[in-house]
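The values are calculated or read from the model by the stated rules, or taken from the named source; none is laboratory data. Keep in mind it's a predicted model, so treat the numbers as computed, not measured. All Cβ positions, even for glycine, are placed from backbone atoms using ideal geometry, and neighbour counts span all protein chains on display. SASA here: full protein model, heavy atoms, side chains in, ligands and nucleic acids out. Shrake-Rupley method; radii C 1.70, N 1.55, O 1.52, S 1.80 Å.
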Amino acid sequence: MKLVTSLIFLGISAFLSAQQTAYIDFKKGEVDVNVDLQAKEISGSVTYTFEVLKETDSVLIDAQKMNIQTVFLNEKEIDFQYDDAALKIYKKFKSNKSNSLKIVYSVKPTKAFYFTQLPDGDLQAWTQGQGKYTSHWLPSFDDMNEKVEFDITVTAPSLYKVMANGKLADKTYQENFTTWKFDMQAPMSSYLVAMAIGKYSKKDEKSKSGIPLELYYYPTDVHLAEPTYRHTKRIFDFLEEEIGVPYPWQNYKQVPVKDFLYAGMENTSLTIFSDSFLVDSIGFVDKNYINVNAHELAHQWFGDLVTEENSTHHWLQEGFATYFALLAERDIFGDSYFYEQLYKTAKQLEKVTEEGGESLLNPNASSLTFYQRGAWALFALHELIGDRAFDKSVKKYLKDYAYKNANTHDFINIASAKSQTKLEDFVQTWFVNEAFPIAEAEKLLQENNLSKSLLELEKMDKESLLAYANNNPTIFDTQANTPLASFILDRLSTSSEEEMAIFLKALNSKVLNTRQAAAIYAASVPQSIKPSFEALLKDKSYITIENALMKLWTSFPSERNNYLEATKGIEGFQDKNVETLWLTLALITEGYAPNKKMDYYNTLVVYTDAKQHFEVRQQAFQYLYQIQALNEVALKNLLQACKHPVWQFSKFSRQLLDELLKSDDYKMMLKGILNGLSVDEQAFLNEKLTE
């Protein structure tokens with residue numbers, strides 16, 4: 001083995017990787033790995049079959065910080081060069097020749113493959129290749145234009161199930177380990193290679209077209225399976241029919257995991273999503289999995305079947321997935337919901353324009369641009385060329401570029417031909433210009449009564465809003481009009497009798513979402529609406545209960561014990577939103593359960609532990625900070641959280657640490673725990689202490 005660390009090699013590696021597809025066509029990758037959940041290590045091999053398209057003198061495989069043990073070319077051990085980022089083989093490769101390349105390796109990945117522990121001590125592991133690349137755990141290809149058929153074999157402890165891309169072809173047992181063999185029949189980009197390992201139960205369904213649907217959940221959460229996966233088959237059947245191209249893979253699996261970096265990820269045939277979306281029937285009302293479910297499924301066509309050439313065309317994946325997910329939601333929730341979402345995102349995009357705007361073809365654009373502006377562009381195109389031409393365009397695009405990569409011009413050229421419409425001006429307006437075309441968007445919103453009314457409400461002052469609410473009392477009693485009621489309540493207060501009368505209408509509404517809006521937007525709870533507000537403590541909405549408890553507890557100190565008793569034992573969402581608030585209020589409510597206060601405090605501190613979901617931890621940290629009750633255990637957990645892989649949580653933790661360091665008392669406590677920290681944590685804290 002020869003190690004190369006020269007700057008020349010580092011410089012040419014990325015270039016060669018991007019250009020390699022013109023010379024080498026990797027056909028198949030046979031992955032065979034052992035996953036050690038305790039040691040957080042992966043070891044094994046990957047064997048690639050490839051064809052030489054043009055004569056070349058090298059082959060490059062991306063591999064980040066691995067122990068590359070042996071490399072075999074056509075079953076013969078060979079020398080190789082490796083610089084901790086890419087494996088390079090120098091040899092004369094003649095065209096029209098088939099070859100095999102086997103790489104034996106081990107790695108303790110720091111990105112893309114994550115090991116977690118659940119509160120009950122069970123271990124879990126899962127991948128996230130997009131953004132961080134699969135090459136951190138598997139020698140593979142960071143270039144998404146390289147498409148390979150990956151067959152994955154995984155050996156893991158028999159305590160746990162393994163889910164990976166493709167169909168489970170075989171499963172064998174040996175002592176305390178099980179080997180799972182998965183078969184794929186079509187190629188995909190490396191960033192979509194995935195697996196998840198953990199303790200799971202499964203709910204099986206089958207699509208109208210016969211595709212097996214495997215819906216996973218934790219064994220203790222059987223009561224969450226139905227509400228979490230509600231409408232899944234309907235979404236699948238709708239998208240397959242609406243898109244007009246059969247689902248392109250053998251089966252479809254969905255697996256929730258702890259501390260996932262995003263809402264979900266559309267790995268080929270295996271969507272991995274955050275277990276924050278596991279909900280019961282009450283939670284379904286406020287925070288369900290429907291949108292993420294539909295979005296990640298739509299990606300199986302838009303992104304997995306046809307992949308963007310590069311990030312300039314990222315909207316081809318995110319815009320299409322967002323738009324078709326919204327169409328699926330329209331099928332479930334109706335037109336009012338559909339146009340409400342379009343209205344909201346148009347207003348968000350209008351704000352981006354006010355700050356300078358972003359072209360849809362900007363490779364560094366925000367998620368809002370790629371997702372929501374991309375969806376808006378497709379909606380506008382759909383309206384411009386009509387159902388027939390739009391449907392034909394989507395079908396041809398997917399068929400022409402199946403298992404390939406595409407760019408914006410490829411799709412637009414097809415749409416122009418199918419609709420016999422010149423689209424140059426449309427492309428300039430919706431794709432190229434930095435400013436979001438809000439005027440054109442509002443014209444499209446005028447076609448629906450709900451979004452048209454929202455646009456009209458925007459222009460009204462408070463007096464006009466009050467008159468509108470009084471003249472249209474039915475908006476508070478119909479689900480479809482909840483967006484109008486919410487819009488009005490958001491702009492009123494409970495400071496006058498006339499405004500309180502409007503809030504009272506909303507509080508007494510038969511529509512749960514309207515009552516929720518009143519709970520959210522009421523700045524205070526006057527005596528006149530107190531009984532109606534108290535009724536919200538029994539509402540079937542965790543968001544409503546959380547808001548009602550906080551506002552009633554604040555407004556009526558003499559009745560705090562009653563409010564705590566009424567909400568005792570309610571956990572809320574997976575982030576324990578109601579429980580963590582309740583524990584905090586119980587701690588600071590004078591005279592409430594004095595013998596239990598230490599138990600309540602200890603529970604809140606336990607919720608800061610690394611075994612807990614990061615959202616639970618964030619809630620606990622926030623409340624303990626607000627009541628100035630962070631102890632040494634919580635501070636140690638906070639320092640660990642500063643290095644958490646979920647960037648939003650690590651950012652929150654670092655900001656909280658910065659605030660604590662402004663306090664002499666907390667600064668002294670942090671210095672006191674230095675010796676009990678890991679070497680990395682000590683270095684991090686010392687740096688913070690000297691800033």
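Here are some notes:
- Residue satisfying all of: in segment 422-439; open to solvent by 20 Å² or more (accessible area, probe 1.4 Å), aliphatic (A, V, I, L, M) and without any contact (Cβ under 8 Å) to a residue 60 or more places away in the chain; nearest to Ile475 (Cα to Cα) among these: Ala439
- Candidates are the residues of segment 147-177 that are outside any strand (DSSP E or B) and out of contact with any Gly (no Cβ under 8 Å at 6 or more places or on another chain); the one that is most open to solvent (accessible area, probe 1.4 Å) is Glu175.
- Given (1) surrounded by fewer than 20 Cβ atoms within 10 Å (Cβ to Cβ); (2) touching a strand residue (DSSP E or B) at 6+ places or on another chain (Cβ under 7 Å); (3) at pLDDT below 95, number of the condition Met144 does not satisfy: (1)
- Among residues of segment 600-637, those that are closer than 20 Å to Glu579 by Cβ and assigned to a helix (DSSP H, G or I), counted: 23
- Test: residue in segment 136-143 that is assigned to a strand (DSSP E or B), touching an Asp or Glu at 6+ places or on another chain (Cβ under 7 Å), small (Gly, Ala, Ser) and without any contact (Cβ under 8 Å) to a residue 24 or more places away in the chain: no
- Some residue of segment 182-197 being open to solvent by less than 40 Å² (accessible area, probe 1.4 Å) and more than 25 Å from Ile68 (Cβ to Cβ): yes
- Positions within segment 94-116 being open to solvent by 20 Å² or more (accessible area, probe 1.4 Å), part of a strand (DSSP E or B) and not polar (S, T, N, Q), in sequence order: Lys102, Val104, Tyr114, Phe115
- Lone qualifier among Thr345, Thr322, Thr307 - being closer than 25 Å to Lys399 by Cα, of a type in the set (Ser, Thr, Tyr) and open to solvent by 10 Å² or more (accessible area, probe 1.4 Å): Thr322
- Long-range neighbours under 7 Å by Cβ, at least six apart or interchain, first residue modelled with pLDDT under 95 within segment 76-95, second among the β-branched types (Val, Ile, Thr): Phe93/Val52; Phe93/Thr56; Phe93/Val59; Lys94/Val52; Ser95/Val52
For every residue, the table says whether it meets (1) surrounded by fewer than 14 Cβ atoms within 10 Å (Cβ to Cβ); (2) touching a strand residue (DSSP E or B) at 6+ places or on another chain (Cβ under 7 Å); (3) part of a helix (DSSP H, G or I).
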residue: Leu398; (1), (2), (3): no, yes, yes
residue: Phe411; (1), (2), (3): no, no, yes
residue: Ala441; (1), (2), (3): no, no, yes
residue: Leu450; (1), (2), (3): no, no, yes
residue: Leu454; (1), (2), (3): no, no, yes
residue: Asn470; (1), (2), (3): yes, no, yes
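- Lys662 among the basic types (Lys, Arg) and either crowded, with 18+ Cβ neighbours inside 10 Å or not in a helix (DSSP H, G or I) (or both): yes
- Of all residues assigned to segment 130-138, at least one qualifies as being surrounded by fewer than 15 Cβ atoms within 10 Å (Cβ to Cβ) and within 17 Å of Tyr191 (Cβ to Cβ).
- Members of segment 188-242 found to be over 29 Å from Tyr114 (Cα atoms), among the charged types (D, E, K, R) and touching a residue at least 40 places away in the same chain (Cβ under 8 Å), listed by number: Arg234, Glu242
- Any hit, segment 533-542, residues being in contact with a Gly (Cβ under 6 Å, 6 or more places away or on another chain), of a type in the set (Phe, Trp, Tyr) and buried (at least 23 other Cβ atoms within 10 Å of the Cβ): yes
- Listing of strands (runs of 3 or more DSSP E) fully contained in segment 245-341 that carry 3 or more residues being under 16 Å from the mean Cα position of the chain (by Cα): 252-257, 264-267, 270-274
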